[in-house]
Amino acid sequence: MGNRLNGKVAIVTGGNRGIGLAIAERLADEDAVVAVGDLLDRRSAEAGKPGKVSFLPLDVTDEASIRAFVDEVLERFGRIDILVNNAGMVIHKSIDDQTAEDWDKLMAVNLRGPFLMAKYVVPEMRRVGSGTIVNIGSVEGYMVNPWHTAYAATKAGVHGLTLGLAVDLGPDGIRCNTVCPGWIDTDLNRAYVEMHPDRSLIERELSYLHPAGRIGAPKEIANAVLWLVSDESSFVSGEMISVDGARTKKIPLPAVLDEEYRSKLTEKQA
Ligand code: NDP
């Protein structure tokens with residue numbers, strides 16, 4: 001808790017649950033006025049007060065909805081300093097089963113959405129003379145789980161978008177970075193875990209993949225986002241920052257050769 005974002009107005013897309021909700025709450029903890037845009041409409045009487053989260057309807061696949069959302073944020077709160085492009089979805093299908101509609105839907109939510117959000121928010125940041133954009137990418141922008149071809153393509157695209165926005169908008173005093181979450185405990189991948197009947201086995205095996213010995217929590221992504229939108233990161237732009245308990249830094253070994261390391265992680269969990 002603090003007031004690092006006092007006087008700032010922040011937008012968080014897809015903040016109805018999971019990582020987005022944790023980000024919205026963390027930014028509000030630091031006194032930002034936070035406007036969450038999500039498919040649901042949960043307007044509240046507290047809207048617009050520092051340290052409060054307001055929920056407004058937004059479909060990031062729909063350009064008219066984005067324009068209406070940005071207009072409403074400006075009308076209610078007067079300015080926009082921070083944009084967090086978090087809304088996202090995953091489709092878990094082989095290339096054989098995946099349809100062109102699946103591909104288009106993923107692109108529309110995960111990549112076209114962040115592009116259009118930036119397009120409509122940036123003029124307001126230029127008017128104020130500064131701003132920060134944080135995209136939620138993924139470690140799947142660098143590596144990929146099986147049957148995530150389209151998802152990984154969207155996240156690699158988000159990383160490219162980040163580079164382009166950082167370069168194009170730097171002269172306007174606008175920074176753009178991406179947080180790349182590893183395995184975070186949310187609905188998005190809970191369904192993936194539940195495809196297997198033995199959840200505790202999956203959780204144990206997942207923890208072995210992480211040098212940190214566990215999967216991550218939404219608030220750990222929110223803390224990284226807070227740093228990136230605050231003045232503490234004022235010379236950081238165009239970066240992809242993984243928050244993944246070092247999962248992507250460990251070269252996988254066959255389980256039989258990894259026993260000593262696994263037993264250390266098991267001791268830590270006990
Ligand atoms: P969740 O599925 O828990 O939440 C996604 C949120 O996005 C929901 O609130 C959902 O709304 C919203 N949303 C979906 N489509 C739209 C849309 N068209 N317009 C507006 N809002 C929309 O996901 P996570 O919290 O896990 O993921 C958040 C981000 O983090 C995503 O970009 C994801 O790709 C990324 N990520 C997550 C990882 C993880 O391990 N969880 C790992 C790497 C990246 P509603 O509630 O109404 O459905």
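Some notes on this structure:
- Checked against the criteria, Ser44 counts as polar (S, T, N, Q) and either open to solvent by 60 Å² or more (accessible area, probe 1.4 Å) or modelled with pLDDT under 95 (or both).
- Out of Gly164, Gly157, sole residue that is away from the ligand (no atom under 15 Å from the Cβ), modelled with pLDDT of 95 or more and not in a loop (DSSP other than H, G, I, E, B): Gly164
- Residue list for the stretch 40-56, filter: basic (Lys, Arg) and more than 13 Å from the ligand (Cβ to nearest atom): Arg43, Lys49, Lys52
- Selected residue [within 12 Å of the ligand (Cβ to nearest atom) and acidic (Asp, Glu)] from Glu140, Glu72, Glu101, Glu124: Glu140
- Near pairs, Cβ below 7 angstrom, 6+ apart or cross-chain, from the stretch 113-139 (closer than 16 Å to Leu163 by Cβ and without any contact (Cβ under 8 Å) to a residue 12 or more places away in the chain) to any residue that is open to solvent by 10 Å² or more (accessible area, probe 1.4 Å) and of a type outside the set (Phe, Trp, Tyr): none
- The residues on offer are Gly245, Gly170, and the sole one that is loosely packed, with under 14 Cβ neighbours inside 10 Å, small (Gly, Ala, Ser) and at pLDDT 95 or above is Gly170.
- Of all the residues in the stretch 85-98, those that are among the aliphatic types (A, V, I, L, M) and near the ligand (Cβ under 10 Å from one of its atoms) number 3.
- Test result for Val193, closer than 16 Å to Thr132 by Cα and either within 14 Å of the ligand (Cβ to nearest atom) or without any contact (Cβ under 8 Å) to a residue 24 or more places away in the chain (or both): no
- Residue identified as in contact (Cβ under 8 Å) with a residue 12 or more places away in the chain, near the ligand (Cβ under 10 Å from one of its atoms) and open to solvent by less than 70 Å² (accessible area, probe 1.4 Å) among Ile82, Ile66: Ile66
- Test result for Asp59, in contact with a Pro (Cβ under 7 Å, 6 or more places away or on another chain) and within 11 Å of the ligand (Cβ to nearest atom): no
- Selection over the stretch 206-238 of residues that are part of a helix (DSSP H, G or I), open to solvent by 30 Å² or more (accessible area, probe 1.4 Å) and hydrophobic (A, V, I, L, M, F, W, C) gives a count of 1.
- Filter result for Thr178 (within 30 Å of Ser263 (Cα to Cα), touching a Gly at 6+ places or on another chain (Cβ under 7 Å), open to solvent by less than 60 Å² (accessible area, probe 1.4 Å) and in contact (Cβ under 8 Å) with a residue 60 or more places away in the chain): no
- Residue in the stretch 104-116 that is among the aliphatic types (A, V, I, L, M), part of a helix (DSSP H, G or I), open to solvent by 10 Å² or more (accessible area, probe 1.4 Å) and under 27 Å from Pro50 (Cβ atoms) present: no
- Selection of the stretch 1-24 for residues being within 13 Å of the ligand (Cβ to nearest atom) and open to solvent by 10 Å² or more (accessible area, probe 1.4 Å) yields Gly14, Asn16, Arg17, Gly18, Ile19, Leu21, Ala22.
- Residue that is modelled with the highest pLDDT, among those in the stretch 186-195 that are under 17 Å from Lys219 (Cβ atoms) and open to solvent by 60 Å² or more (accessible area, probe 1.4 Å): Asp187
The values are calculated or read from the model by the stated rules, or taken from the named source; none is laboratory data. Note that the structure is a prediction, hence the values are computed from the model and not measured. Glycine gets a Cβ as well: all are built from the backbone with ideal geometry, and neighbour counts include every protein chain shown. Surface areas here come from the heavy atoms of the whole protein model, side chains and all, with no ligands, DNA or RNA. Shrake-Rupley method; radii C 1.70, N 1.55, O 1.52, S 1.80 Å.
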